[in-house]
Amino acid sequence: MASLFVGTKPVTATRHRPQNYTDIPVLNYHKVDTLYHSLSISPEEFEEQMAYLHENGYHAITPDQLMNYLNRGKPLPDKPVLITFDDGYLDNYTNAYPILKKYGFTATIFLVTDLIGNDPRFMNWDQVREMQKNGFIFGSHTASHAVLTKLPTEEALKELVSSRQKIASELGRAPRYFAYPTGAYNLAVEELVRTAGYTAAFTIRYGQAGVSSDPYALERIPIFKSAKTFRSFLIRLNGAPLLERLGIIRN
């Protein structure tokens, strides 16, 4: 029976977890600028977080590396972390990109394709291509940032397919990964994502991605601005296994 999952973990049968597998943190950012908004952290705050990861031996990985590890046990570097951004804001290029390069990190950015090159708040395709040449990965966040659970099936599928086709035409390869706008999804939407050709999809449900995760509902660790942004970052990153198990942090 299909049910709606928005920030809660579905009750499903879990796959056997081999003893030598560990769950992987997937960080979820949106904006890196000076706006006073929960989804926007300052460049200084972002650099503090990236410096922490670098100084503590973390290595940025790609979604392909994550899925090869979860599905086939292919080894990952020590202390892997997948860094992701949703939407494709211009500040991902102007502010986050130089900081990530400084620390030798890459990231995966999920694009709202109707806005790329058409809205000054968002990147343009030349900027996206430059980042791609430097090892950054781009996925889909739909064409218009539509909430897929609220759309008729045909419209939802069109959002998924048209955005994938646009990225393929601009970057020379079809994206393999998707992130749900607003985090809203259900079993029917998951099946549409699969039908549209995506390998896996990411939610905003708090937690780490592991072998028991649904590949079309992978957990992430959302990073927010707060009165103590860095402290919150440390708690969410380092406390993820315990906090997820206890259900203390939901999103």
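How much of the DSSP beta bridge set in the chain is antiparallel, as a percent to the nearest 5? The partial results should precede the final answer.
Details: 5 of 29 bridges.
If I count the DSSP bridges inside the chain, around 15 percent turn out antiparallel.
Quickly work out the residue 238-to-residue 101 label distance, labels modelled 7 Å from Cα along the C-beta direction, and quote it in nm with one decimal.
Placing both labels 7 Å beyond Cα along the Cβ direction yields 3.1 nm.
Please name whichever of 140, 117, 218 sits farthest to the positive end of the charge dipole of the chain, dipole taken about the Cα centre and charges placed at Cβ: Lys and Arg +1, Asp and Glu -1.
Positive-most Cα among the choices belongs to 218.
Hey, if you put +1 on the Cβ of every Lys and Arg and -1 on every Asp and Glu Cβ in the chain, which of 75, 20, 54 ends up farthest toward the positive end of that dipole?
20
Taking every pair of Cα atoms in the range 68-214, average 1/r, invert it to obtain the Kirkwood radius, and report Rg/Rh to two decimals.
Working: Rg = 15.2 Å, Rh = 15.9 Å.
With Rh from the inverse mean 1/r over Cα pairs, Rg/Rh is 0.96.
Please give the charge dipole size of the chain, origin at the Cα centre, charges +1 on K and R Cβ atoms and -1 on D and E Cβ atoms. Round to the nearest 20 debye. Walk me through the intermediate numbers first.
On the way: 27 positive and 25 negative charges, 128 e Å.
Value, rounded to 20: 620 debye.
For the range 94-108, just list the computed ³J(HN,Hα) in residue order, Karplus coefficients 6.51, -1.76 and 1.60, θ = phi - 60°, integers in Hz, with x standing in for Gly and Pro.
With the stated coefficients, the range 94-108 comes to 6, 10, 6, 3, x, 5, 4, 4, 4, 9, x, 9, 10, 8, 10 Hz.
Per-residue HN-Hα couplings for the range 117-129, Karplus 6.51 cos²θ - 1.76 cosθ + 1.60 at θ = phi - 60°, whole Hz, x for Gly and Pro?
Result, ordered by residue: x, 10, 9, x, 7, 10, 5, 10, 5, 5, 5, 4, 5 Hz.
For the chain, what is the relative contact order in percent, using Cα pairs closer than 8 Å and at least 6 residues apart in sequence? Walk me through the intermediate numbers first.
Numbers: 474 pairs, mean separation 58.7, N = 251.
Reported relative contact order: 23 percent.
Rank 174, 157, 184 by how far each Cα sits towards the positive end of the charge dipole of the range 154-193 (+1 on Lys, Arg Cβ; -1 on Asp, Glu Cβ) and give me just the farthest.
Checked the options; the winner is 174.
So if I restrict to the alpha-carbon atoms in the chain, what is the Rg, and what is Dmax, the biggest pairwise distance, in Å?
Answer for the chain, Rg first and Dmax second: 17.0, 48 Å.
Bear in mind that the values in this text are calculations on the coordinates, not laboratory data. Predicted model only: the values in this text are computed from it and were never measured. Heads up, the Cβs are rebuilt from the backbone with ideal geometry, glycines too, and the neighbour counts pull from every protein chain shown.
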